[in-house]
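What follows is one structure encoded as structure tokens, with my remarks underneath.
The values are calculated or read from the model by the stated rules, or taken from the named source; none is laboratory data. No experiment lies behind these values; they were computed from the predicted model shown. Note that each Cβ is placed from the backbone with ideal geometry, even for glycine, and that neighbours are counted across all protein chains shown. All accessible areas refer to the heavy atoms of the entire protein, side chains included, with ligands and DNA or RNA removed. Shrake-Rupley method; radii C 1.70, N 1.55, O 1.52, S 1.80 Å.
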Amino acid sequence: MLTRSQLSNLLEQHAQPSYRVNQILDWIYKKRVHSWEGMSNLPSELRESLSADFPLRPLSHVLTKGSRDTTRKFLLKLADGRYVETVLIPASPALYGETSDRHTLCVSSQVGCAYGCKFCASGLDGFTRNLTAAEIVSQILLVEELSGEKVNNLVFMGMGEPLANFENLCQALEIITAHWGLGIGARRITVSTSGLVPQIKKLAELSQQIRLAISLHGPNDETRSQIMPVNRKYPVADLFDALEVWNSKKNQKITLEYILIDGINSHIDHARELVQRAKSIRAKVNLIPYNTVEGLPWVRPTDQDCLSFKKVLTNGGISATLRLEKGHDIDAACGQLRLKKEQGTL
Ligand code: SAH
Ligand code: SF4
């Protein structure tokens with residue numbers, strides 16, 4: 001998958017006229033052809049030489065799992081035999097109104113993850129490799145094709161740490177937002193990170209108004225370090241300094257994601273501390289009752305405890321959502337399906 005400038009350079013090397021750039025971008029991103037052979041207005045020698053070097057579909061569909069509320073999870077196979085997963089989440093009338101036509105796609109950015117958060121399936125098997133920009137963008141193209149739906153909201157909350165794959169992420173964002181590419185508005189794209197401080201500051205420099213979500217999961221160093229090793233490298237105070245930098249460059253509220261895990265981070269005192277944290281950077285909070293992962297000891301608190309936690313936040317003046325459970329029955333927490341496939345238990 002190529003950006004406009006990459007394609008332009010490539011065609012120059014092939015001594016092609018410049019109008020070919022638009023022709024080819026149109027074939028790839030608008031007409032959505034699967035192969036270079038399908039580009040009928042290109043000279044055949046050019047098609048042959050490009051198809052050898054730039055496959056247009058670097059991943060293939062393995063299986064789809066859908067749950068009752070029609071959240072669908074797609075297991076996709078990469079050219080090297082590895083697997084990634086992508087989740088399509090339909091509009092939630094409760095959140096966005098009855099007539100919402102929002103289709104959110106949750107994409108992966110890496111195979112596995114090096115950050116080893118204690119609650120997460122993606123990190124269980126360690127890190128394998130970064131996804132290329134083409135592999136990131138192709139998740140969208142493939143799911144649109146399989147589902148017949150247009151993705152108009154995108155979250156980087158699948159497998160992997162997107163900010164640890166910074167260059168490919170930026171290249172993918174360029175293709176996804178460009179008018180010659182997929183044309184999805186930057187404001188409808190959320191990048192989620194476990195809190196890589198230098199990369200958050202770098203991402204803040206990007207001209208596109210993308211949204212940022214932080215996997216906080218603990219309001220202080222003690223709680224956070226217990227479940228997120230990354231906190232030892234980038235403690236909460238440093239993270240919040242970086243978020244101030246983000247706020248100074250962007251005008252959208254940051255989202256703090258907070259998984260509720262029984263006996264770990266779900267005490268009312270944690271909620272009170274979270275109010276102060278969220279206030280300090282004018283963030284909203286997304287509460288997610290923990291999704292059980294096979295082989296991990298953690299459990300979610302009772303619904304009542306989740307509601308009480310949320311109440312402390314709203315009473316404290318923080319805008320908070322308690323995520324409607326979706327996809328629990330299809331291993332929707334990131335990385336679970338792929339892990340089963342690679343371990344041969346799917
Ligand atoms: N690496 C990035 C993005 C991928 S994880 C990050 O950590 O932000 C996307 C979200 O799923 C994160 O908020 C992560 O903490 C959450 N998550 C991981 N395992 C989960 C589980 N078992 N239940 C609920 N949420 C989970
Ligand atoms: Fe990696 Fe994010 Fe999972 Fe942590 S929560 S292990 S950073 S994918």
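Structure values in brief
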{"quantity": "Mean projected area (nm²) of the alpha-carbon convex hull when the stretch 203-268 is viewed from all directions", "calculated": "4.9"}
{"quantity": "For the chain, the longest site-free run once GluC sites (Glu not before Pro) in DSSP loop states with at most 16 other Cβ atoms within 10 Å are removed", "calculated": "1-97"}
{"quantity": "Scaled radius of gyration (Cα, divided by 2.2 N^0.38 Å) that the stretch 97-249 gives", "calculated": "1.06"}
{"quantity": "Accessible area in square angstrom per residue, the stretch 57-343, 1.4 angstrom probe", "calculated": "41"}
{"quantity": "Directionally averaged shadow of the stretch 196-312, computed from the convex hull of its alpha-carbon atoms, nm²", "calculated": "7.5"}
{"quantity": "Linear extension gain, residue 101 paired with residue 244, 0.36 nm per residue minus alpha-carbon span", "calculated": "48.2 nm"}
{"quantity": "Accessible carbon and sulfur surface of the stretch 1-56 relative to its total accessible area, %, 1.4 Å", "calculated": "49"}
{"quantity": "Length released on extending from residue 5 to residue 186, taking residue separation times 0.36 nm less the Cα-Cα span", "calculated": "63.2 nm"}
{"quantity": "Rounded to 10°, Cα long-axis angle of helix 133-147 versus longest principal axis of the chain", "calculated": "90"}
{"quantity": "Linear extension gain, residue 12 paired with residue 34, 0.36 nm per residue minus alpha-carbon span", "calculated": "5.6 nm"}
{"quantity": "Nitroxide proxy distance, nm - points 7 Å out along Cα→Cβ at residue 70 and residue 251", "calculated": "3.5"}
{"quantity": "Principal axes of the chain: Cα extent on each, largest first, Å", "calculated": "67, 46, 42"}
{"quantity": "J(HN,Hα) series, the stretch 290-306, from Karplus relation 6.51 cos²θ - 1.76 cosθ + 1.60, nearest Hz, glycine and proline x", "calculated": "4, 8, 4, 10, 4, x, 10, x, 6, 10, 7, x, 5, 4, 4, 5, 4"}
{"quantity": "Spin-label pair residue 314/residue 208, simplified geometry with 7 Å Cα→Cβ offset, distance in nm", "calculated": "3.4"}
{"quantity": "Share of Cα-Cα pairs in the stretch 16-81 lying beyond 17 Å, as whole percent", "calculated": "54"}
{"quantity": "Residue-normalised accessible area of the stretch 1-56, given per residue in Å² at a 1.4 Å probe", "calculated": "54"}
{"quantity": "For peptides 102-108, 230-236, sequence by mean Cβ density within 10 Å, most packed first", "calculated": "102-108, 230-236"}
{"quantity": "Whole-Å semi-axes of the ellipsoid equivalent to the stretch 1-151 (Cα gyration tensor, √5λ, descending)", "calculated": "32, 21, 13"}
{"quantity": "Carbon plus sulfur fraction of accessible area for the stretch 162-248, probe 1.4 Å, in percent", "calculated": "45"}
